[in-house]
1. Explain nothing, just the number: dipole magnitude of the chain about its Cα centre with +1 on each Lys and Arg Cβ and -1 on each Asp and Glu Cβ, in debye rounded to the nearest 20.
2. Looking at the chain from every direction and averaging, what is the projected area of its Cα convex hull in nm²?
3. Once phi is turned into ³J(HN,Hα) by the Karplus curve 6.51 cos²θ - 1.76 cosθ + 1.60 with θ = phi - 60°, what whole-Hz value does each residue of the range 64-77 show in order, with x for glycine and proline?
4. For the chain, build the charge dipole from Cβ charges (+1 Lys, Arg; -1 Asp, Glu) around the Cα centre, then report which of Ser42, Gly56, Gly15 sits farthest towards its positive end.
5. Using the Cα centre of the chain as origin and beta-carbon charges of +1 (Lys, Arg) and -1 (Asp, Glu), tell me which of Trp5, Pro30, Met87 is placed farthest towards the positive end of the dipole.
6. Can you tell me which of Ala37, Ala60, Ala76 moves the most in a GNM of the chain? Springs connect C-alpha atoms under 10 Å apart.
7. Using helices alone, I'd like the mean residue ellipticity at 222 nm for the chain: each DSSP H run of four-plus residues gives -39500 (n - 2.57), total over residue count, nearest 500.
8. I'd like the accessible area for Thr52: 1.4 Å probe, protein heavy atoms, all chains in place, Å² to the nearest 10.
Amino acid sequence: MAWFWLILGGLFEVGFTTSLRHVDGFRNLPWTLAFLASVAASMALLEYAARTIPMGTAYAVWGGIGAIGTVLVGIAFYDEPGTTIRMLLILGIIACIVGLKLAA
């Protein structure tokens, strides 16, 4: 179950990085509230998962999910480039996450 919470926490990390793009110096209240809620949920889930999963593994997986998700959101919604090299690097991050899961 800890891996489920860790993955969910990583998805909330995508939420806070996406929200951060829109907070406008914390003047945009709806996006600021979304940012704060996402940060709180993401950190709480990381902490909860790290009670069972080794912290280094948990943090690397959580950060990897956040990084991959943020790149994919940027490509899908913000016209960031989806080049072949970026996709290959994302696959590399995924391979590392799977490796950490298998080694844990």
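The values are calculated or read from the model by the stated rules, or taken from the named source; none is laboratory data. For clarity, every value in this text was computed on a predicted model and none was experimentally measured. FYI the Cβ positions are ideal-geometry reconstructions off the backbone, even for glycines, and counts take in every protein chain you see. Side chains included, ligands, DNA and RNA excluded: accessible areas come from the protein's heavy atoms. Shrake-Rupley method; radii C 1.70, N 1.55, O 1.52, S 1.80 Å.
1. 160
2. 6.8
3. x, 4, x, 5, 4, x, 5, 4, 5, 5, x, 5, 6, 10
4. Of Ser42, Gly56, Gly15, it is Gly56.
5. Among Trp5, Pro30, Met87, the one farthest towards the positive end of the dipole of the chain is Trp5.
6. Top of the fluctuation ranking is Ala76.
7. -27500 deg cm²/dmol
8. For Thr52, the solvent-accessible surface is approximately 110 Å².
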